[in-house]
Amino acid sequence: MEHIANIIHRILSGKQLEHGVKQAEVIAEWPEIVGATVAEQAEAVALEGGILFLRVIDSAWRNELAMMTDKLVEKVNIHFGESRVHRIHVI
């Protein structure tokens, strides 16, 4: 008997889908990673090439998040236990 997680991992890896799943996990788990306050102001909209794109509601939050990007990158990567995000771009 093989554990279902191992079977799923093997299937996803074989079809190069694992990368896309990891990207989607970052987007889906963004509110959990950063908390409700930040998530309400900054929506994770895409992850491409290690760059996480955040849509921000106003310029005040854009400035605030621009100063926090290193800490947010660290929080994401600690959450997943691996380096998924290298940089954050606030739009």
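Observations on the model:
- Value of relative contact order over region 18-90, rounded to a whole percent, pairs C-alpha under 8 Å and six or more apart: 32 percent
- If you plug the beta carbon distance of Glu82 and Ala60 into 1/(1 + (r/R0)^6) with R0 = 22 Å, you get a FRET efficiency near 0.10.
- Every helix of 4 or more DSSP H residues in the chain counts as -39500 (n - 2.57), and over all residues that averages to -20000 deg cm²/dmol at 222 nm.
- Near Leu52, the amide H atoms lying under 5 Å from its own belong to His86, Arg87, Ile88, His89; only residues 5 or more places off or on other chains count, and H is placed 1.01 Å from N.
- For the chain, a simple Cβ point-charge model (Lys and Arg +1, Asp and Glu -1, everything else neutral) yields a dipole of about 240 debye relative to the Cα centre.
- Membrane-span-like helices in the chain, defined here as complete DSSP H runs extending at least 20 Å along the helix axis by their C-alpha atoms with mean Kyte-Doolittle hydropathy no lower than 0.0, are absent; this is a sequence and geometry rule, not a statement about a membrane.
- Candidate values (1) 3, 13, 23, 23, 14, 9, 7, 4, 2, 1, 0; (2) 2, 10, 11, 10, 9, 8, 7, 7, 7, 6, 4, 4, 4, 3, 3, 2, 2, 1; (3) 3, 15, 27, 28, 18, 7, 2, 0 were compared with P(r) over Cα pairs in 5 Å bins from 0, in percent computed on the shown model; the agreeing label is (1).
- Rounded to the nearest Hz, the phi-derived 3J(HN,Hα) couplings of region 42-53 under the Karplus curve 6.51 cos²θ - 1.76 cosθ + 1.60 (θ = phi - 60°) are 9, 9, 6, 10, 6, 9, 9, x, x, 9, 8, 9, where x marks glycine and proline.
- Bridge orientation summary for the chain: considering DSSP beta bridges with both residues in this region, about 60 percent are antiparallel.
A short reminder: the numbers here are calculations on the coordinates, not readings from a lab. The shown structure was predicted, so the numbers you read here are calculated from the model rather than taken from an experiment. Backbone-built Cβ (ideal geometry, glycine too); neighbour counts: all protein chains shown.
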